[in-house]
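Worksheet for the structure shown next.
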Amino acid sequence: MPHMLTRRAALAAGAAALSLPAALRAQPAEVKIGMIHPVTGPLAFGGSQCRLGGMTAIEDINAAGGLRSLGGARLLAVPGDAQGKAEIAASLVDQMAEQKVAGITGCYASNLALAATQTAAKYNIPFSIDSGIADSITARGLANVFRFFPNNTTMTNQAIACLDALNKAAGGPAKTAVIVHENSEFGTSTAKLLGERLGTIGIAVKETIGHATPTRDFTNVVLRIKSAAPDLLLITNYPNEYQLLLRTVYQQKVNLVAAYSVSGGGFSLPFAKDQPQVSQFMIDYNHWHNPHDPRAIAFRKRIEDAGHVFGWEVLFGYFAVRVLADAIDRAGSIDPARVNPAFAASTFSDDWLPYGPTRFVQGQNQGARGLGLQIQDADIKAIWPAEFADAKPVFPRPRAS
Amino acid sequence: MMALLLPALVGGVLTGGVYALVALGLTLIYGVLHIVNFAHGSLLMVAMFGAWLLATRLGLDPLAAVPLMAGAMFAIGWGLYRFVIGPVGRGDDRGVLLATLGVAVVLDNAALIAFTGDSRSIETPYALQMVQAGPLLIPLAKLVAFAGAMLIALLLWAFMALTDTGRAIRAVAREPEGAALVGIRPARIFALAYGIGIACLGAAGCLLLPSFYVSPQVGGMFVLVAFTVVVLGGMGSFPGAVVGALLVGITENLGNLYLGESLGPICVPLLFIAVLLVRPTGLFGAVR
């Protein structure tokens, strides 16, 4: 008699619940985590990759028994599609606040993150940034916004140090550069920083060229690069434009010592595999795993075996959720007034990234760093610094034939 | 900057060729039948993914796939009109507009599920080949696409001007009741013309793929500019679509060159407004 059994089971569960201490009884069975990413529109690929990372983290945390301090509460993803539009990202925060999420991760692009975090601040919802890199996201004094990953200043300073080291090791063949950037917050702020820093390592910027997202044709831009005849081409933009630009550079036979990007949106394994000639020897300073850590290698294999593309966005999405969940777990509550301080005091170390100790200052992890990467024979290799490298750099690149 | 003028002009003409490819089908659908086809970009995306699948799964070169994809897209277009857009729209412009919008949303999201948001491209032996013309390096794939656009324009013009079916399409577009009185079945003609318009996208998808990428959002990159080209060239005029596309391509390239990639894009809307102020029917539009 299934009806009787169900009722008995329900009564037993009710009795058990009543016998628990009040604090435990009040714990939620599920803790909702909002995830805001552009999964449609021009930024869909990166956004979907971040979401994949976030979902994988939730899967792992739940499989490991959920949030222990909350009686093993399971995490439940509340995904939202920002469509690449800042106003939609902001309105998703309002919707998620109504759904009582314990925290939010996102938003792949800096302009989306700026809008979403601003709205989240109204509710004091803990916000764990994944791949938004603009400094301003954490530099506005919002007590609910945290970034485990490197910000633009860190990445740019390290990228310049990497470029300088590669150039000096090769005898200093690079003396001039052209910077091409997309013209929203991410590209413009990176280009500005790059322009300021290049002079300090003896590289003169000949021209800085901005472009819109999306851009259909890069012939003009490449002709301008060609006429400026720089040693280096520095790029900072999103995937489609990144790849179209490099394709045109290859076609127009632009001779360069190196093409170099900082947080290059299009620097990915599919690009390396689909366009081996165009992508060969492209250098990017980006977020990456520690290639010597077996857990990182196993994670990459797991993502690829499931039929997905492995990329740095997956790592962002994954660890954004992991550090947020860790903060909630240590707070022992989903109350933002307790989670935010716990996040700020985080010393999260269960990662396989090339990071130093975790320490948040005004929402920014001081231990975060990137790596110098290069596409070599249709694969991504770490080339700098030497302690994390799994290949030797090719610098300067062979001349265009 | 003067040294870049000639390459930018040639680049503009080639970009115009790409725009013409997308606009030719639209000038038949929008210009002749007056269907505001919001699904045009999405159907271009379907054609490009079709060509991509044929190339990656069966090893069929996109150029060799042109007849196959044109045929397949004709069938898709004909079926869409016959079974979805026609019955849903019921001849009402707003209904047709919403039906095409609905088709676009379904196709875009189905592609997102099937292919994810990733951009894909293929490497053909000629995709990165360049033709040297003096100081100019011209991508072979774009030259081929340009030639393809011109050929399609010529074929469409000949079809519409010289065949009975072409005359029937024009008759239905101008006076459906009169056409019905002389024995033409408007519903069949609409489906046929819509199918032909979409078949052009089949060819366009194959010709674009070697020099571009495909993603579920790729249609959005071209559809607005295609509407601009059709209205600028004159509704329903095939020479107008080609000239309009070339003008838009050249204006865009020169605008970007002299005003920068951020301010440059205002040149095309300015040209559009200027032409419509002087010639409200577009460059080659017939005054009725």
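What follows draws every value from the coordinates through simple rules; no lab data is involved. Because the structure is a prediction, the values reported are computed rather than measured. Counting neighbours? That spans all protein chains shown, and the Cβs are built from the backbone with ideal geometry, glycine included.
Could you check how many residues of the range A:225-241 are more than 7 Å from chain B (Cβ to nearest Cβ), over 28 Å from the mean Cα position of the chain (by Cα) and part of a helix (DSSP H, G or I)?
Within the range A:225-241, residues that are more than 7 Å from chain B (Cβ to nearest Cβ), over 28 Å from the mean Cα position of the chain (by Cα) and part of a helix (DSSP H, G or I) number 3.
Could you check the range B:93-148 and list, in sequence order, the residues that are over 22 Å from the mean Cα position of the chain (by Cα) and assigned to a loop (DSSP other than H, G, I, E, B)?
B:Thr116, B:Gly117, B:Asp118, B:Glu123, B:Thr124, B:Pro125, B:Tyr126, B:Leu128, B:Gln129, B:Gly134, B:Pro135, listed by residue number.
Applying the selection to the range B:47-90, what residues are part of a helix (DSSP H, G or I), small (Gly, Ala, Ser) and buried (at least 18 other Cβ atoms within 10 Å of the Cβ)?
Step one: list which residues in the range B:47-90 are part of a helix (DSSP H, G or I), which gives B:47-58, B:66-89.
Checking the rest, the ones that are also small (Gly, Ala, Ser) come to B:47, B:50-51, B:55, B:70-72, B:75, B:77, B:79, B:86, B:89.
B:Ala47, B:Gly50, B:Ala51, B:Ala55, B:Ala70, B:Ala72, B:Gly77, B:Gly86, B:Gly89 - these are the residues of the range B:47-90 that are part of a helix (DSSP H, G or I), small (Gly, Ala, Ser) and buried (at least 18 other Cβ atoms within 10 Å of the Cβ).
Please tell me if B:Ile152 is buried (at least 17 other Cβ atoms within 10 Å of the Cβ), of a type outside the set (Lys, Arg) and closer than 22 Å to B:Leu43 by Cβ.
Against the criterion (buried (at least 17 other Cβ atoms within 10 Å of the Cβ), of a type outside the set (Lys, Arg) and closer than 22 Å to B:Leu43 by Cβ), B:Ile152 qualifies.
Would you confirm whether any residue within the range B:230-249 is part of a helix (DSSP H, G or I) and within 12 Å of chain A (Cβ to nearest Cβ)?
Scanning the range B:230-249, I find at least one residue that is part of a helix (DSSP H, G or I) and within 12 Å of chain A (Cβ to nearest Cβ), so the answer is yes.
Grab the helices (runs of 4 or more DSSP H) fully contained in the range A:257-355, keeping just those with 2 or more residues being closer than 27 Å to A:Leu163 by Cα and touching a Gly at 6+ places or on another chain (Cβ under 7 Å).
In the range A:257-355, A:312-331 are the helices (runs of 4 or more DSSP H) which contain 2 or more residues that are closer than 27 Å to A:Leu163 by Cα and touching a Gly at 6+ places or on another chain (Cβ under 7 Å).
Considering only residues that are more than 20 Å from the chain's Cα centre (by Cα) and assigned to a helix (DSSP H, G or I), look in the range A:93-102 and name the one that is surrounded by the most Cβ atoms within 10 Å (Cβ to Cβ).
Here the residue is A:Met96.
State all residues of the range B:238-250 that are surrounded by fewer than 24 Cβ atoms within 10 Å (Cβ to Cβ) and farther than 19 Å from B:Cys267 by Cβ; if no residue qualifies, say none.
If the condition is that a residue be surrounded by fewer than 24 Cβ atoms within 10 Å (Cβ to Cβ) and farther than 19 Å from B:Cys267 by Cβ, then B:Pro239 is the only one that fits.
Restricting the range A:191-213 to residues that are more than 27 Å from A:Arg399 (Cα to Cα), out of contact with any Leu (no Cβ under 9 Å at 6 or more places or on another chain) and in contact (Cβ under 8 Å) with a residue 24 or more places away in the chain, which is farthest from the other protein chains (Cβ to nearest Cβ)?
If we take residues in the range A:191-213 being more than 27 Å from A:Arg399 (Cα to Cα), out of contact with any Leu (no Cβ under 9 Å at 6 or more places or on another chain) and in contact (Cβ under 8 Å) with a residue 24 or more places away in the chain, then A:Leu193 is farthest from the other protein chains (Cβ to nearest Cβ).
When the range B:205-228 is examined, which residues are found to be among the small types (Gly, Ala, Ser) and within 14 Å of chain A (Cβ to nearest Cβ)?
B:Ser211, B:Ser215, B:Gly219, B:Gly220, B:Ala226
Considering each of B:Leu192, B:Leu128, B:Leu112, B:Leu181 in turn, give the residue that is surrounded by 14 or more Cβ atoms within 10 Å (Cβ to Cβ) and farther than 30 Å from A:Phe218 by Cα.
When all the criteria are applied, what remains is B:Leu192.
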